[in-house]
Amino acid sequence: MDNLQELLHGFTIAVTVPHLALMAVGVLLGILVGVLPGLGAPNGVSLLLPLTFGMQPVSAIILLSSMYWGALFGGSVTSILFNIPGEPSSVATTFDGYPMARDGRPTTALATAFGSAAFGALIGVILITFLASWVAQVALAFGPAEYFAVYFLAFASFVGMGGAAPVKTVVALAIGFAIAAIGIDTVSGSVRLTMGVDELVKGVSFVVAVMGLFGIGELLVAVEEEFHARAVSSKIDWREVFRAVGRLPRHGVALLRSAAIGCWMGITPGGPTAASFMSYGIARRFSRRGRHFGTGEVEGIISPETADHAAGTSALLPMLSLGIPGSATAAVMMGGLMIWGLNPGPMLFVDSKDFVWGLIASMYVGNIVAVALVLMTVPVFAALMRIPFVVIAPLIVIICVVGAYSVSNSYLDVVMMLGFGIVGYLFKKLFYPLAPLVLAIVIGDKAEDAFRQSMLISKGSLSIFFANKLVTCLIVGGIALLLLPLVLQLTRLWRRPASPAIDTPAQEKVII
Amino acid sequence: MISRRALELATAVLAGSFGVAVVVSSLDNGIGWSSAGVDAGTFPFLTGIVIVLGSLYNLVRGVLSAATVANVPIAITSIELRRLAGLFVPAAIFVAAIPLAGMYVASALYVFSVLAIPRHQSMPRALAMAAATALALYVVFERLFQVSLPHGALAAALGF
């Protein structure tokens, strides 16, 4: 087993004092951004990004990924204790987590959530351990046409399975592509889409976009509603923690099913949010106690949490082995990889073995560190929620402004960040998905390059995308996913022509 | 207050005009096939077309299906609008003040005015928080990470 040997080597990199300290720092910062509404994993990670430029890549990625785990856990803390999801992906946890905590069992709810989250993450990491290098090996044989086909499949699966209105997803993706194209074209060297603003020659950094879209945008959404933090007791009873975790194996079916849903949604870019909702919905339908969901059912906590973390973790698989991130946060991390001078994709497994396996090993350790830290710090972060929102909001604005400025010391970036904030607010309000937009900004250039290179090889003929079985399958699969919403719409019309889409508003709530 | 329909229309128009700008601007780079392969403007041109077409669809859908999304006819109520403005307007003024006042002075003024003017906090506490914010920014960025934040025209005039 080559993989296991590499993994052991990875552990020797990950389990060192400086790296363990970085994990602890990352997890704590992650819980902080996860707990604070308006700050989430994507912009938390992009805030830290400029500070990692002087680090070793492996240390930097350990810090950033630990922050990601912390944010995933932090989001669940506020969902359960305050009924306020700190992260979009932990909305489904509020359905049963808050009722259970309100009924006087906050420790049980938290321990169940963290235990199943850790299980989901573990399954995700095991999947990465065994699949990632294999996928990378297959991908080593890829030419530009195959690459473009994989990108195409990734974008198409957002449209077909992302859950948001398909045309809105397409528009979000296309806007992302256009933003990615701003600046100097890497192939021809000509300047594109600057609209007469000279400073745009350097392009629009995804960090600026993420700060605005997720930071200011989410803040504007949060400020709309009066902010009540009515906390249930946040005291942790340690004996109950172990009892609750001990009871988890009884729900083995729910755990495994949710982990499978999560891994699938993470690898195909459905993302953690869609995964947790889907898992919750399926659990409610198939559980024997499905009728009691919403009143504090254990499986109602297990299902979204397991899927959320399984998806969040396995979203790193396509990022590492193909260079295609499975979630918005993974997209930001991939941007970091490129800034550190690494080339995300299959070559990573050949050129930077230490980096890849150090990261994978750190995922095992990081999640254990995260569970321990989050349990210990629940009272501290719960107290943080009692700070009035009017005090936190300007601080988050300042953090976003400074974060956008420090990317390239440009005032224009700050102004653009504010603009992205308005766009983020509008998009969130109207259910345009944000993850595809960020994904397109980060990998739009690469997709375009792959397309143009394959056109150069084939001298302008599209037949290169049907030249062999693999590339044909990928392209046909992508087209099928693109057409899926249309087909579903048509069959729905066919079945009951009289009732137009009444179910859309209900559906819309589930997505973002 | 703002209706869901108006918001959908505004967003579609905003996205659509961005698409038009992309299309027009990419024509300068040339579209299609030349001796050097696919021209630089082709890809942005296509994405621009997609944005325009998609926004047109969303625009039409926003007008027609307003009846079916009737259970959320109002997107932003007037109270919500006031809260939004209460957050965004000071933030925009803060950003506008940065070139003149510099990051430190601007952020301190921003925190102070947001907390003290609507009387969320008492004067001395707002003052303390404003000072702490500026100081924390200075220590973290200028000292720890050696990142220079803008000092502003005012500071330059005073010789900092």
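Bear in mind these aren't lab numbers, they're just calculated from the coordinates by the rules spelled out. Since the model is a prediction, treat every value here as computed from it, not as a measurement. Here the Cβ is made from the backbone with ideal geometry for all residues, glycine too, and neighbour counts use every protein chain on show.
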Under the rule of -39500 (n - 2.57) per DSSP H run of 4 or more residues, summed and divided by the residues of chain A, what mean residue ellipticity at 222 nm is obtained, to the nearest 500 deg cm²/dmol?
-24000 deg cm²/dmol
For A:Arg192, the residues 5 or more places away or on another chain with a placed amide H closer than 5 Å to its own amide H are A:Gly183, A:Ile184, A:Asp185
Estimated [θ] at 222 nm from DSSP helical runs (n ≥ 4, -39500 (n - 2.57)) normalised by residues in chain B, nearest 500
-23500 deg cm²/dmol
Could you work out how far helix A:411-429 tilts from the main Cα principal axis of chain A, as a 0 to 90 degree angle to the nearest 10?
60
Would you mind pulling out the separation of the Cα centroids of region B:121-135 and region B:28-65, in Å?
50
Stretchable slack from A:Arg492 to A:Ile184, in nm (0.36 nm times residue separation minus alpha-carbon distance)
106.3 nm
Of A:Gly86, A:Met363, A:Thr194, farthest towards positive along the dipole that unit charges on Lys, Arg, Asp, Glu beta carbons give chain A
A:Gly86
Once every Cα of region B:2-76 carries one equal point scatterer and solvent is ignored, give the base-10 log of I(q)/I(0) from the Debye formula at q = 0.12, 0.21, 0.22 Å⁻¹, two decimals.
-0.44, -0.81, -0.86
How big is the gap, in Å, between the Cα center of region A:135-180 and the Cα center of region A:380-428?
29
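Please report, in cubic angstrom per residue, the volume enclosed by the convex hull of the alpha-carbon atoms of chain B.
Convex hull of Cα atoms, per residue: 204 Å³.
Can you pull the semi-axes for region A:111-196, root of five times each eigenvalue of the Cα gyration tensor, sorted largest first, whole Å?
Each semi-axis is the square root of five times an eigenvalue, giving 34, 21, 14 Å.
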Just going by the charge dipole of the protein assembly as shown, with Lys and Arg at +1 and Asp and Glu at -1 on Cβ, which of A:Ile216, B:Gly37, B:Ile76 is farthest out on the positive end?
B:Ile76
Kirkwood estimate for region A:106-154, i.e. one over the average of 1/r between Cα atoms, Å:
13.5
Which entries of A:Lys168/A:Lys446; A:Lys202/A:Lys446; A:Lys235/A:Lys429; A:Lys168/A:Lys469 show an alpha-carbon separation above 27 angstrom in the structure shown?
A:Lys235/A:Lys429; A:Lys168/A:Lys469
Compute the relative contact order of chain A as a whole-number percentage, counting only Cα pairs closer than 8 Å that sit 6 or more residues apart in sequence.
28
Cα-based Rg / Dmax (Å) for region A:295-391:
17.4, 51
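Can you work out D for region A:2-510 in µm² s⁻¹ from Stokes-Einstein, where Rh is the Kirkwood radius over C-alpha pairs, the temperature is 4 °C and the viscosity is 1.567 mPa s?
56
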Region A:328-371 versus region A:62-114: alpha-carbon centroid distance in Å:
25
What FRET efficiency comes out for the pair A:Ala21/B:Val63, r = Cβ-Cβ distance, R0 = 56 Å, nearest 0.05?
0.45
Angle check, please: helix A:435-458 long axis (alpha carbons) against the longest principal axis of chain A (alpha carbons), in degrees 0 to 90, nearest 10.
30
Rounded to the nearest 0.05, what FRET efficiency is calculated for A:Arg239 and A:Leu8 with R0 set to 30 Å and r the Cβ-Cβ distance?
0.30
One would report the Cα pair-distance distribution of region B:79-158, bin width 5 Å, in %, as 3, 16, 20, 22, 19, 12, 6, 2, 0
For chain A, with only Lys/Arg (+1) and Asp/Glu (-1) charged at the beta-carbon, what is the dipole magnitude about the Cα centre, in debye rounded to 20?
1440
From Cα pairs below 8 angstrom and at least 6 apart in sequence, can you work out the relative contact order of chain B, rounded to a whole percent?
22
Could you point to the residue in A:Val476, A:Gly460, A:Ser46 farthest towards the positive end of the protein assembly as shown's charge dipole, with +1 and -1 charges on the Cβ of Lys/Arg and Asp/Glu respectively?
A:Val476
To the nearest 10 degrees, how steep is helix A:144-161 against the longest Cα principal axis of chain A, on a 0 to 90 scale?
40
